[in-house]
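A short write-up of the structure that comes next.
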Amino acid sequence: MLQEHFTVGPEAVYGVFEGAQFPWDPLLRLKTFLKEFLEKNGTRVPADLPKDVIIQGEVHIEEGAHIESGTFIAGPTVIFK
């Protein structure tokens, strides 16, 4: 049933879909996925992030992700490109 709604690829973001049968299953695993991802990969903030971006908590931003000026990001958060 999951494949009817999502194309799951090899990228790290799709780890949240591991073991999912239904489209809503990843929501049940989201907190655990974020915690495991941040423990494994750590926090990361690109050097070219606009100066007025506000970050609180654990945040990992993938290189090349587009973050608008004035954005507020509250962790735990992972932002993929």
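The values are calculated or read from the model by the stated rules, or taken from the named source; none is laboratory data. None of the values given here were measured: they were computed from a predicted structure. FYI the Cβ positions are ideal-geometry reconstructions off the backbone, even for glycines, and counts take in every protein chain you see. Ligands, DNA and RNA are excluded from the accessible area calculation, which covers all protein heavy atoms including side chains. Shrake-Rupley method; radii C 1.70, N 1.55, O 1.52, S 1.80 Å.
General observations
- Straight-line cross-link reach from residue 31 at under 16 Å between alpha-carbon atoms covers these aspartates and glutamates, not counting any fewer than eight positions away in the same chain: 18, 39, 58.
- With Cα atoms, 0 to 90° folded angle of helix 25-41 axis to the chain main axis: 50
- Packing-based ranking, highest mean first, of 50-57, 73-80, 28-35 given that Cβ atoms within 10 Å are counted: 73-80, 28-35, 50-57
- Average accessible surface for the chain: 72 Å² per residue, computed with a 1.4 Å probe over protein heavy atoms with every protein chain in place.
- Taken over the Cα atoms of the chain, the convex hull encloses 105 Å³ per residue.
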